[in-house]
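What follows is a set of notes on a single structure, which appears directly below.
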Amino acid sequence: MSAHTFTIAAIFLAGATQMSLGQDAADEMKKFEGTWEIISTETNGVVRQSSNGVKYRFTGDTWETLNEDRVVTRGKFRVDPTTSPKRGDMFLEDDQSGTRTRHFIFEIDGDTLTMCLTPIGKPHPTQFTGKAGSGQALANFRRETR
């Protein structure tokens, strides 16, 4: 195989791999579709069993936080299903300070979603915990039936 042919083959394979990862991420993001009610949280060791009407709604690559069905925050998100645990990024849209990024790891099992989020500016969490001192928020969601 000539060097030129090898280079073209390598470029093609790299592109095919990237397209495959893109499709994997798109397929994973489809699993988020819908409105999710928070059923419990643990933030810095404080456990709460009720969401008091707070929900997350995912549509395509957009997310919104709802409080009593009123949008209070929104942004875009992306996921990487090739990591273990799977991880993602939420880009918060804020008129005051521009876009800010919050990293998370997640598990989706049917209509159950578990997310662990770090504070803005911190790296992705490595484990599902909201224990005291972690600075992380662990949230369990249930998808609303349509």
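Bear in mind these aren't lab numbers, they're just calculated from the coordinates by the rules spelled out. Everything numeric here is computed off the predicted structure, so don't read it as measured data. All Cβ positions, even for glycine, are placed from backbone atoms using ideal geometry, and neighbour counts span all protein chains on display.
Work through the residues other than Glu107 whose Cβ is under 14 Å from its Cβ and net out their charges, Lys, Arg +1 and Asp, Glu -1. Write down the numbers at each step before the final one.
Numbers: positive: Lys31, Lys86, Arg87, Arg142, Arg143; negative: Glu28, Asp80, Asp109, Asp111.
Here the charged neighbours net out to +1.
Once the piece of chain linking Gln23 and Thr145 is laid out straight, how much longer is it, given 0.36 nm per residue of separation minus the C-alpha distance between them?
Working it through step by step, the gained length comes to 41.3 nm.
Net charge near Lys30, counting Lys/Arg +1 and Asp/Glu -1 over other residues with Cβ under 12 Å of its Cβ?
-4
Would you mind checking the pairs Lys30/Lys86; Lys76/Lys122; Lys30/Lys76; Lys31/Lys131; Lys76/Lys131; Lys30/Lys131 and listing those with alpha carbons more than 20 angstrom apart?
Too far apart for the 20 Å limit: Lys31/Lys131; Lys76/Lys131; Lys30/Lys131.
For the range 108-119, just list the computed ³J(HN,Hα) in residue order, Karplus coefficients 6.51, -1.76 and 1.60, θ = phi - 60°, integers in Hz, with x standing in for Gly and Pro.
Result, ordered by residue: 10, 10, x, 9, 10, 10, 10, 10, 10, 10, 9, x Hz.
Under a plain spin-label model, where a point goes 7 Å from the Cα along Cα-to-Cβ, how far apart in nm are Thr112 and Ser84?
2.1
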